[in-house]
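First comes the structure, then the notes that go with it.
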Amino acid sequence: MKAGRAASSGKAHATRHRPGRDRRPGPVVEPIGGGPAEVIGRIDLSVELAPGLRLDNPILVASGTFGYGIEYGDVVDVQRLGAICCKGTTLKPRIGNVTPRVTETPAGMLNSIGLQNPGVDAVIERYAPTWAGWQVPVIVNVAGESVEDYVEVARRLEGVPGVAGIELNISCPNVGKGGLQFAIDADAAGAVTAAVRRATDLPLLVKLSPNVADVRPIAKAIEKAGADAITAINTLSGIAVRPDRSRPLLGNIYGGLSGPAVKPVALRIVYEVAQVVDIPIVAIGGVSELADALDYFAVGACAVQVGTAVFADPTLPIRIIDGLEAECRRRGFDSFRPLIGTALPRKPGASSAKGVEYRP
Amino acid sequence: MRLVAAELVESREILPRQWLQSYHAPSLAIGSRAGQFVHVRPGDFSGLVLRRPFSFNTIDAATGVVTIHFRAIGRGTDWFAHLRTGDSVDMLGPLGRPFEVDPRSRRVLLIAGGLGIAGVRMLADEAIGDGRQVVLLFGAASAAEVYPSNLLPDEVEYIVATDDGSLGHRGYVTDLVTEYEGWADQAFACGPAPMLAALARLAAGRRERLGVAKLGRKGGGRTDAPGSAAARRKSFLQVSMEQNMGCAVGACLGCVVMGTSGQPQRVCREGPVFAADELDWEAGW
Ligand SMILES: Cc1cc2nc3c(=O)[nH]c(=O)nc-3n(C[C@H](O)[C@H](O)[C@H](O)COP(=O)(O)O)c2cc1C
Ligand code: FES
């Protein structure tokens, strides 16, 4: 349905001006001898992911790779980021999985942290006061094992200064459904989204899992249930084996694959989701240079998150922001909006209808 | 913590597939301490997405040179082994918390298993610089893997054990410890996890009659918070731990070991050096 609509949906890339701040695009200077006019002055990189959640730029850092925003403080100017998604937060503290928890794989890595976190109350007490003093929005990534867990965490985050929004990590086993992940079932994904939506007015992002046959019904259910935006993707399920082949390498056996290796999968999912929902899409998966962000914009994302690549290069998100601004300037755009959706099918209906059929 | 471009000035294969590399990195050579480490980025991100942690092996503030010692065992370490003089790498550091030597310690026992020498080597320099006596107990599989004595300061008393008896004591390095634990005021170890666990068992319970405990307490038995530098300084045995790492700054929780408190401890942040009694050696992680 609705091919290309994400690209033209006003909500996905609002350029509304924040009062008191000069966000007017700069004047365009006529080029000498043809070619695009280079833009002098300010380029508008701002993006609105939800009513009340407007980012200065579309480059976020991904949950689980940037802690609580304070760990990289010595080497990264976190205030310049579009937003920070903090580590997955649960109702009760969790000690996480046995080790080893991480290992490198070809062009990627596997992790099985097991959602180690001190619980929502401790997160609020320890970190929110710091976040409240920041200009950069902090989005709390929320995980749970039942709808009630998610709802209760969301309730406790509501109204806390420093909490700009929540991102639901629904790639968690649903105890009420025999451990089946919320993320692989449209009904469960819709139900948890709707319940959290009723419980809070906070901007609500919901994060898709790639470990499903067809992500589109799930994305539609999430949109219908009232999510403000979709983020995609979480990690792909995988394993590694010990060098001596005596057993799987990770303590938890299973891990989540991330990094450049997952980008084609994430790109495909964003491409498919962009054609079936109208809410903004934030792309995640293997972003490691500006070109990756541009690819995601082209298939309909209006923002991207950088995860694994931060480990190798903590300053990468800031360099992508600078690079994006330079790219817009070079191409004569006074905002990054024209970059969005350019690779989506032009004709409605000519979408990737065959998208899933060829897959095993 | 800083991001530093470090230039390779010397690279030597000191043992089969073990490399000692010197990098010019003045801002790391000043203020970094024994036990701390750097997280170094291999060049090719498209293939190798994680940095590699290396202990400071030695640092020389005068020349601005830091050295690292590693075994080429995989694609990342092979990449480093193939670097040429003049090449530059991106180092993040100094990271983690250092060894804490009690100012009253006169006799320092260092225990290293294999490549674990890289974790305690710099402490030998620091301790000698501070006028302490140093004994280094070193264990390896065979003579071919024994750390060359000419890479150690002359003042260090160097005692070797090999599994096959081809050099020094035949058996484990831990066998040698019983002979020296009475002599030592404090012990510092790095090596394979089973070796560290064995040392922790030896040290447990003996703490009150050994080492720094005998030196007499200042300040009337004040108890320091577990894990604090002050508490570590008073412990008999400190160990430098290894764990697979992602970020090395405390953000990803990839690198934990289990603490006696029941809380996972980040090797990159609370460690890599721990007092032996801060860790739960039976937890299996
Ligand atoms: C070490 C690690 C921990 C993660 N923890 C979380 C988490 O707590 N919650 C979550 O929603 N995603 C988590 N993720 C997934 C990332 O947010 C991201 O979706 C994924 O890594 C893909 O992006 P990347 O290829 O840029 O890393 C984690 C990823 C890594 C590597
Ligand atoms: S390596 Fe990331 S927390 Fe230690």
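Yes or no: A:Tyr127 within 16 Å of ligand 2 (Cβ to nearest atom), over 16 Å from A:Ala229 (Cα atoms) and at pLDDT 95 or above?
Details: within 16 Å of ligand 2 (Cβ to nearest atom): yes; over 16 Å from A:Ala229 (Cα atoms): yes; at pLDDT 95 or above: yes.
When the stated conditions are applied, A:Tyr127 passes them.
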When the residues of the range B:223-272 are narrowed to those that are polar (S, T, N, Q) and within 9 Å of ligand 2 (Cβ to nearest atom), which ends up surrounded by the most Cβ atoms within 10 Å (Cβ to Cβ)? B:Gln243
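Yes/no matrix, rows are residues, columns are (1) more than 20 Å from B:Ala118 (Cα to Cα); (2) more than 16 Å from ligand 1 (Cβ to nearest atom); (3) modelled with pLDDT under 95:
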site: B:Ser235; (1), (2), (3): yes, yes, yes
site: B:Cys255; (1), (2), (3): no, no, no
site: B:Gly259; (1), (2), (3): yes, yes, no
site: B:Ala276; (1), (2), (3): no, yes, no
Could you say which residue among A:Gly307, A:Gly285, A:Gly300 is in contact with a Leu (Cβ under 9 Å, 6 or more places away or on another chain), at pLDDT 95 or above and under 24 Å from A:Asn111 (Cα atoms)? A:Gly285
In the range A:275-308, anything farther than 20 Å from A:Ala83 by Cβ and part of a helix (DSSP H, G or I) is listed as A:Ala291, A:Asp295, A:Ala298
Test result for A:Val287, open to solvent by less than 10 Å² (accessible area, probe 1.4 Å), within 14 Å of the chain's Cα centre (by Cα), within 16 Å of ligand 1 (Cβ to nearest atom) and within 14 Å of chain B (Cβ to nearest Cβ): yes
Taking into account only those residues within the range A:77-96 that are hydrophobic (A, V, I, L, M, F, W, C) and within 15 Å of ligand 2 (Cβ to nearest atom), which is farthest from A:Leu168 (Cα to Cα)? A:Ile95
Evaluate the following for B:Ala213: is it away from chain A (no Cβ under 14 Å), in contact with a helix residue (DSSP H, G or I) (Cβ under 8 Å, 6 or more places away or on another chain) and at pLDDT 95 or above? no
Residue count for the range B:43-79, restricted to those that are acidic (Asp, Glu) and within 10 Å of another protein chain (Cβ to nearest Cβ): 1
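So that you can scan it fast, the table gives a plain yes or no per residue for (1) at negative phi; (2) of a type in the set (Asp, Glu); (3) crowded, with 24+ Cβ neighbours inside 10 Å:
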| residue | (1), (2), (3) |
| --- | --- |
| A:Tyr254 | yes, no, no |
| A:Asp278 | yes, yes, no |
| A:Ile281 | yes, no, yes |
| A:Cys302 | yes, no, yes |
| A:Thr315 | yes, no, no |
| A:Ala326 | yes, no, no |
Exactly one of A:Gln135, A:Gln116 is under 26 Å from A:Asn252 (Cβ atoms) and either at pLDDT 95 or above or within 13 Å of another protein chain (Cβ to nearest Cβ) (or both), and that residue is A:Gln116
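Conditions (1) part of a helix (DSSP H, G or I); (2) small (Gly, Ala, Ser); (3) open to solvent by less than 10 Å² (accessible area, probe 1.4 Å), marked per residue:
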residue: B:Ile73; (1), (2), (3): no, no, no
residue: B:Phe80; (1), (2), (3): yes, no, yes
residue: B:Val89; (1), (2), (3): no, no, yes
residue: B:Ile117; (1), (2), (3): yes, no, yes
Restricting the range A:97-114 to residues that are assigned to a loop (DSSP other than H, G, I, E, B) and more than 14 Å from ligand 2 (Cβ to nearest atom), the residue that is surrounded by the most Cβ atoms within 10 Å (Cβ to Cβ): A:Ala107
Hey, any hits in the range B:27-42 for a residue that's away from every other protein chain (no Cβ under 14 Å), open to solvent by 30 Å² or more (accessible area, probe 1.4 Å) and of a type outside the set (Val, Ile, Thr)? yes
Mind listing whichever residues of the range A:70-96 are more than 9 Å from chain B (Cβ to nearest Cβ), open to solvent by less than 20 Å² (accessible area, probe 1.4 Å) and in a loop (DSSP other than H, G, I, E, B)? A:Val76, A:Leu81, A:Gly82, A:Cys86, A:Gly88, A:Thr90
With the range B:228-285 as the region, which strands (runs of 3 or more DSSP E) entirely inside it contain at least 3 residues that are more than 13 Å from chain A (Cβ to nearest Cβ) and in contact (Cβ under 8 Å) with a residue 24 or more places away in the chain? B:237-240, B:273-275
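The values are calculated or read from the model by the stated rules, or taken from the named source; none is laboratory data. Quantities reported herein were computed from a predicted structural model and do not represent experimental measurements. Note that we place each Cβ from the backbone using ideal geometry, even for glycine, and neighbour counts take in every protein chain shown. Calculation scope for accessible area: heavy atoms of the full protein, side chains included, ligands and nucleic acids excluded. Shrake-Rupley method; radii C 1.70, N 1.55, O 1.52, S 1.80 Å.
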